[in-house]
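Please treat every number below as a calculation from the coordinates, not as lab data. Remember, it's a predicted structure, so these values are computed and weren't measured experimentally. Here Cβ is always computed from backbone atoms with ideal geometry, including for glycine, and neighbour counts include all displayed protein chains.
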């Protein structure tokens with residue numbers, strides 16, 4: 001059994017969905033620390049001038065967890081939908097996001113971790129209903145990891161694997177910055193490195209901007225799942 005995990009994010013980039021679909025079990029790490037100006041409350045979309053952020057404005061204090069951060073206003077889903085409809089007005093696939101906007105509106109005032117969890121699950125379900133249906137999904141906060149199990153990033157991930165009966169963990173390349181390889185080897189779980197490079201596709205405007213939100217992919221191609229495998 002393969003496990004993958006990732007902090008909750010709003011409209012994440014395609015690599016997160018690649019890990020989601022590749023794993024048998026996926027854990028949304030909703031109890032990690034919120035980091036300003038990263039991707040927990042925002043991501044990028046394509047525009048005629050290159051790209052722009054879609055951002056959920058939030059209230060937060062230093063050392064807040066993602067689950068302790070809340071939107072600073074409640075109109076963000078309506079505003080984001082309007083921006084996408086304007087920027088991607090030529091897309092044939094705008095209608096496919098209606099369910100996503102309904103989910104976003106239903107949790108627009110909830111914690112940022114809840115928004116990230118629910119909206120990412122909505123996107124995954126829209127991209128591949130069958131693959132989503134067969135996925136086992138957990139919130140890290142519900143797994144009751146101990147303070148010792150969370151004492152290092154590596155221990156946290158190994159503990160998730162053992163708690164959920166997984167013998168393999170799929171890691172993104174960015175984990176090279178914090179993975180303790182000796183600790184990982186001693187933990188008895190096989191470490192697999194994600195091998196994902198998004199194939200270039202035709203975007204809404206001439207040119208190419210890599211690593212935008214998966215929403216850009218969904219509004220640009222008929223079958224986005226082909227690009228996420």
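From the alpha carbon centroid of segment 183-229 to that of segment 19-47 is 13 Å. For the chain, relative contact order (Cα pairs under 8 Å, six or more residues apart, normalised by length) works out to 30 percent. Its convex hull of Cα atoms gives segment 1-61 a direction-averaged projected area, equal to a quarter of the hull surface, of 5.0 nm². Its Cα gyration tensor gives segment 2-228 an equivalent ellipsoid; the semi-axes, largest first and in whole Å, are 30, 21, 16. For segment 178-229, state the average projected area of the convex hull of the C-alpha atoms over all orientations, rounded to one decimal in nm². Here the figure is 5.1 nm², rounded to one decimal. Where both bridge residues fall in the chain, DSSP classifies roughly 35% of the beta bridges as antiparallel. Once the Cα atoms of helix 76-87 and of the chain are each reduced to a long axis, what angle between those two axes, in degrees from 0 to 90 to the nearest 10, is obtained? Approximately 60 degrees, to the nearest ten. When the chain is treated as a GNM with alpha-carbon contacts under 10 Å, the residue of 83, 127, 103 showing the greatest mean-square fluctuation is 83.
Once the Cα atoms are used to define both axes, helix 112-127 deviates from the longest principal axis of the chain by about 70 degrees.
Shape verdict for segment 42-136, please, from the Cα gyration tensor: rounded (a/c under 1.5), prolate (a/b greater than b/c) or oblate. Oblate. Can you give me the angle between helix 153-163 and the longest principal axis of the chain, using Cα atoms only, in degrees from 0 to 90, rounded to the nearest 10? Once rounded, the angle reads 80 degrees.
Taking 7 Å steps out from each Cα toward its Cβ at residue 185 and residue 24 produces label points 2.5 nm apart. Per-residue packing, averaged as other Cβ atoms within 10 Å, sorts the ranges 188-199, 108-119 into the order 108-119, 188-199, beginning with the highest. Given a 10 angstrom Cα cut-off, can you work out which residue in 20, 181, 28 is the most mobile in a GNM of the chain? For the chain, modelled as a Gaussian network with Cα springs under 10 Å, the answer is 181. Take residue 59, project a point 7 Å from its Cα along the Cβ direction, then tell me which residues of segment 112-138 have their backbone nitrogen under 19 Å from it. Under 19 Å, as judged by backbone N against the label point of residue 59, lie 112-116 of segment 112-138. Residue exposure proxy: 141, 151, ordered by other Cβ atoms within 10 angstrom of their Cβ from fewest to most, comes out as 151, 141.
Here the calculated FRET efficiency for residue 78 and residue 139, from their Cβ-Cβ distance with R0 = 22 Å, stands at 0.25, rounded to the nearest 0.05. Working note: 222 nm ellipticity from helices only, DSSP H runs with n ≥ 4, each -39,500 (n - 2.57), summed and divided by the residues of the chain, gives -9000 deg cm²/dmol to the nearest 500. A Förster radius of 22 Å combined with the Cβ-Cβ distance from residue 89 to residue 37 puts the calculated FRET efficiency at roughly 0.15.
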